[in-house]
Amino acid sequence: MNFVIIDWSAYCTPVMGYLPQSSGGDIAVGILSGAVLATLLCYGLFQAVIAVAKTHASEFKKALGLLTVLLITKTIALRFFPGFHIDVGTYEAWALQLAVGGPASMYQSGYFLDYPPGYLYALWAAGAVAHVLGASGDVLRMIIGTPAVLADFALSVLIFALILRFFGKTAAWLGMLLFALNPALLFDTVVWVQTDSAFTLVMLLSAVMLMDEELEAGWGLAALAVLIKPQAISLVPVLVVWTLMRGNWKGWPRALLAVIAVTAVTVAPFQIGHGWGWLPSLYLSTAAYYNETSVNAFNFMALLGGIRAADSGTIFGCSYFAIGMSLLIPLYGFALWLLARNPVSRNLFFAAFIVLFGFFMFAPRMHERYAYPAVVFAIPLAFQGPAMLAVFSIVSFTCLSNLAETLHILNAGSFLASRDTFGMIISLVNLVAFFMAAGCYYASRGCAESTLPAAPKWFAAVFARRRSAPAQHVQSEGDFAPFDWLKADTIALIAVVGAAAVLRFWRLGYPAEIVFDEVHFVGQARHYIHGEAFLDPHPPIAKLLIAAGILVFGDHPASWRLGNAVLGTVMVAVTYLLGRRMFRSRLAATLAAGLIALDGFFIVDSRIGCIDIVYLTFAAIAYLMLFNFAGTRDFIRRRRLILVIGMVLGLCLGSKLYVPGITFLLVGAFLLFTLWRTAASVDALAEDPSSTRAVRFQWTAGAALIVGSVSGIFYLASFLPHYALRWWGGIADLVQYYKDVMWYENSVASATHPYASPWWSWPLMLRPVAYWQNFPAHGKVALIWGGGNPLTWWAVVPAMMITGVRAMERPNLVRIFMVAAFFAYYLIWVPIGRILFLYHYLPSVYIGYLALAAILADMWHGKAETWESFALLLSMMPVMILGVGHIASEYRLVSDQAQMAVGLTLAAMLLVSYMALIINHSRADRFAFAAFLSVAIALFIYYLPVWLGLPISRTGYYARMWLQGPGLQNWI
């Protein structure tokens, strides 16, 4: 299908000679109608906030002050954002036409106007101001965008009052800021200059009025919302069920009259010269115009049929339009059934969010902006618990991504590709978020509160912790104490280490040539052997390890890589011991070690002469020593462990630039915290605690001095070969080395590389690294592919999300350590301007695999919450939808058009099987565990040839490269 961008503003420019002139009557009626509608809106807003404004007058005034500043700032910001010129030009033309021609001049034949009359009143007022001022250009755009910014302001006030009413002051401020400063919502209103805040305000106000049993106002506002934008009708069934279940039946006739009255008042000024069926015809013609699966919306329909594909296309004999509309039946059935079973305020907002987000996800012909109301309705729900806070965060992110990507493409005068890789990924994330939210709604079905809870325990606990002693919330030393080593541990350790050794040592000398960065690091190892000075920004230890292999076994590929293979195998053993110590679970330890042993990137980096596996192994040893330290109260043993930790951290620092510094700070901080906490417990037993505070300070200060000194000694010792080889002669040479490193980093700041990838793309694994390739003209091909197991790699994100939620709800040292480590290793790359690669994410992946192993073990033992196992199950959806269908298509088992359908069918079967078992929580968790592990092992087997560089068919190669888009989204 070919698309052409039509500038509709050219079809709606005010041309008074061709449009009916106002007789004055329509203007008078229009002004009266506008006043009535404004009164209704102000009445609803007043009723929603007045009680809170009286009881919390001081807080309310502060909020109004801040929001006024933000209102002014956003209005001024309109000056600097041109928006999408077609949309902005169309709004300006409508506004000015209303100002000079009145309502009677609108909706005429040949004049493009596809909006119902509701928002035209706001544009009329803006157009009148612009006409009086003679505004044009940037000033005109600011004036036209002001009604949406005012609606944004009113929404902020309403959200503040609503959350203050149920959750308290702190939550109210947070909720208000989650809306007022939400990047996605700001982008819609200020950057795109769109109007979605207006009808969302009316929708939310309608729900609040009905919750407060203001039936007439609530239904009048519901009618107005539909008359502003047609998609507001998606909320109407929820309001109907709520009214039937909770509204006084005596008020139903008045509510119906309110709908009729508001509709009549809104439409009356525009009715002149039209038949009575013009408004339904407008709605139907507008819906029929965009006859596409997805009008740039990153949703399920985009996954199913592609973006902007004709929704008359078929799959399995059914049109995309029929499938999308059919999916709305179970969506509304689910949401309304649960609301009818328990019509409480919490469920009203849950049902509203589910249908708004579900409508965006499953209905055809959705625009990218239609997720806006879902984001707004998710804000009060974010305070229901960490899971819904996560959903809100995800939906905000995906909404922003959808808006930004679409506006960028449209402003470039183009359209998104039907299978835009980024769009498909965001669509999958949206699908995961929807099912997470549906799970939360289902879990809350039995709650009996008549209103939203006064203060959720998890939210209160977050702020209570600021006033609580840390010792009450973290694990004791006993949780890390030595555990009983059984024969099963020996068997498990031998199994995972044996598998790791085979994968790392088998055909280690293949390929018998320089691979990727071996050109640098093997060359530098030879410089050490031959006594030739050189400059490299990374400290020496990893290169000295390569040099040692060459000296002992000769200068050939296997000897270059031997040290890394040894350390890569040692890492697996250390991971097992670390998992046993952190989680006190044999299964978790085995899974953690197995994930490291069988992951492609850890295999690849252990089989080539590069440096990353060296510092990663030393970091893992440091973590093990840290938790050994936390698990003993023997002071002599602790002193020895402090020395060992300092030594290992020094070796880690001497292996690579940048990242080991995070390891040093992280391990050092948690070590000192553990020591301070132990000293605090000793203080509590002392007769005079104040007399022992100096001792506590001495303990921690002494430990910090020892760790820092020993680490520094071993780090500096790594440079001894430079002195032994007489390249350096004193401290000045070390200082000069650091200057040279700074020069080098600045010199490569603008460098490029075909396999480079930005930090934000790493969790999605958009751009792996091709370490080595052998592509002859004919026959089989071979490569060493620097990418992880797609399933386990992608599962790190939900695993860390679950761990973060657990750390908030049930904090302990292990969870806090994993969350802190993951983000510390990840966020260090944000400010670094030089080219980056996917392997820079490996320290975070290592921590993520520890978290993933713990969650999987909990699922097997029945200790995971339903939403946790469901989240991990959903991490399999990209594998099913992107991967399986792509493989089937490459092997010509299905057509290219049907590949998505194959994946969606398998994904649906997996979800249905899980839901069928969910009544038995333990059985459902074990099913998810088994499914996850089975797919992970299958992918390991499937991708192993490209991790080991084994020859495969060309079809097999392309079948493994799931992302083949242009630019960043390419698996090589």
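The values are calculated or read from the model by the stated rules, or taken from the named source; none is laboratory data. The structure presented is a predicted model; accordingly, all values stated were derived computationally and were not measured. All Cβ positions, even for glycine, are placed from backbone atoms using ideal geometry, and neighbour counts span all protein chains on display. The area values use the complete protein model at the heavy-atom level, side chains included, leaving out ligands, DNA and RNA. Shrake-Rupley method; radii C 1.70, N 1.55, O 1.52, S 1.80 Å.
Computed from backbone phi, the HN-Hα couplings of segment 659-666 come to 4, x, x, 5, 4, 4, 5, 5 Hz, rounded to whole numbers (Karplus: 6.51 cos²θ - 1.76 cosθ + 1.60, θ = phi - 60°; Gly and Pro given as x). Taking 0.36 nm per residue of separation and subtracting the Cα-Cα distance, full extension of the segment from Phe112 to Ile731 would add 215.1 nm. Amide H to amide H distances under 5 Å link Ser757 with Leu836, Phe837, Leu838, where only residues 5 or more positions off or on other chains count and H is placed in the peptide plane. For Met880, the accessible area of its heavy atoms, probed at 1.4 Å with every protein chain present, is near 20 square angstrom.
The calculated FRET efficiency for the pair Asn342 and Thr955, based on their C-beta separation and a Förster distance of 56 Å, comes to about 0.55.
Taking only C-alpha pairs under 8 Å that are 6+ residues apart, what is the relative contact order of the chain in percent? Taking the mean separation of contacting Cα pairs over the length of the chain, I get 9 percent. Calculate what fraction, in whole %, of the accessible area of segment 878-972 sits on carbon and sulfur atoms when a 1.4 Å probe is rolled over the protein chains. Roughly 68 percent, rounded to a whole number.
The gain in end-to-end length when the Asn774 to Lys250 segment is fully stretched comes to 180.7 nm, 0.36 nm per residue minus the alpha carbon separation.
On the basis of the beta-carbon distance and an R0 of 56 Å, Ala704 and Leu968 show a calculated FRET efficiency of 0.85.
Of the listed peptides 581-590, 945-954, 249-258, what is their order by residue-averaged count of other C-beta atoms within 10 Å, with the highest listed first? Working shown, then result.
Values: 581-590: 22.0, 945-954: 17.7, 249-258: 14.1.
Top of the packing list down: 581-590, 945-954, 249-258.
With everything on Cα atoms, drop me the angle between helix 137-167 and the longest principal axis of the chain, reported from 0 to 90° to the nearest 10. The angle comes out near 70 degrees.
Here the peptides 311-319, 780-788, 163-171 are ranked by packing, the mean other Cβ count within 10 Å, and the order with the highest first is 780-788, 163-171, 311-319. For segment 832-972, the relative contact order comes to 26 percent (Cα pairs under 8 Å, sequence separation of at least 6). Measure nothing but the geometry: give the 0 to 90° angle between the long axis through the Cα atoms of 169-180 and the longest principal axis through the Cα atoms of the chain, rounded to 10°. Here the helix axis deviates by roughly 80 degrees. Rounded to the nearest 10 degrees, the inclination of helix 372-381 to the longest alpha-carbon principal axis of the chain is 70 degrees.
Once both labels are positioned 7 Å from their Cα atoms along Cα-to-Cβ, the gap between Ala512 and Val240 label points is 7.7 nm. Label reach from Ala128 (point 7 Å along Cα→C-beta): in segment 154-186, no amide nitrogen lies under 20 Å.
For segment 484-541, the fraction of 1.4 Å probe accessible surface lying on carbon and sulfur atoms is 65 percent.
Could you sort the peptides 866-878, 499-511, 734-746 by per-residue average Cβ neighbour count (10 Å cutoff), highest mean leading?
So the order, starting with the most tightly packed, is 866-878, 499-511, 734-746.
When both segment 553-619 and segment 413-444 are represented by their alpha-carbon centers, they are found 35 Å apart. Label separation (Ala404 vs Ile919): 4.6 nm, computed from points 7 Å beyond Cα along the C-beta direction.
Keeping to pairs on different chains or 8 or more places apart, tell me how many lysine pairs in the chain have Cα atoms under 30 Å apart. Summing the qualifying lysine pairs gives 19.
For segment 762-777, 3J(HN,Hα) computed residue by residue from phi via the Karplus equation (6.51, -1.76, 1.60; θ = phi - 60°) reads 5, x, 8, 6, 7, 9, x, 10, 8, 6, 7, 9, 9, 10, x, 4 Hz, glycine and proline entered as x. Simple spin-label estimate for Tyr738 and Ala938 gives 5.4 nm between the two label positions (7 Å along the Cα-to-Cβ direction from each Cα). Residues of segment 82-122 with amide nitrogen under 17 Å from the 7 Å Cα-to-Cβ point of Val36? Taking a point 7 Å out along Cα→Cβ of Val36, the residues of segment 82-122 whose backbone N falls under 17 Å are 103-104, 117-122.
Using C-alpha pairs under 8 Å with a sequence gap of at least 6, the mean separation divided by the residue count of segment 472-591 gives a relative contact order of 35 percent. In the context of the full set of protein chains, the chain has a per residue accessible area of 38 Å² (1.4 Å probe).
With viscosity 0.692 mPa s and temperature 37 °C, the Kirkwood radius over alpha carbon pairs of segment 707-795 converts through Stokes-Einstein to a diffusion coefficient of 184 µm²/s.
For a paramagnetic label modelled on Thr73 (point 7 Å from Cα along Cα→Cβ), amide N atoms under 20 Å away belong, within segment 161-175, to 161, 170-175.
Provide the FRET efficiency to the nearest 0.05 for the Phe635-Lys863 pair, computing r from the beta carbons and using R0 = 45 Å.
Here the calculated transfer efficiency is 0.85.
Applying the Karplus relation 6.51 cos²θ - 1.76 cosθ + 1.60 with θ = phi - 60° to segment 921-929 yields 3J(HN,Hα) values of 4, 5, 5, 5, 4, 5, 5, 4, 4 Hz, where x marks Gly and Pro.
Kindly give the semi-axes, whole Å and largest first, of the ellipsoid equivalent to segment 733-859, taking each as the square root of 5 times a Cα gyration tensor eigenvalue. Write down the numbers at each step before the final one.
Values: eigenvalues 193, 126, 25 Å².
The answer is 31, 25, 11 Å, longest axis first.
Put simply, the amide H of Asn296, placed in the peptide plane, has neighbours under 5 Å in Arg308, leaving out anything fewer than 5 places away on its chain. Starting from the Kirkwood Rh over alpha-carbon pairs, what translational D in µm² s⁻¹ does the chain have by Stokes-Einstein at 37 °C and 0.692 mPa s? The calculation lands on 105 µm²/s.
Between the amide H of Gln964 and those of Trp971, distances stay under 5 Å, these residues lying 5 or more places away or on another chain, with hydrogens modeled in the peptide plane. The Cα-based radius of gyration and maximum Cα-Cα distance (Dmax) for segment 138-234 are 14.2, 44 Å. Between Ser326 and Met909, residue separation times 0.36 nm minus the direct Cα-Cα distance comes to 208.1 nm.
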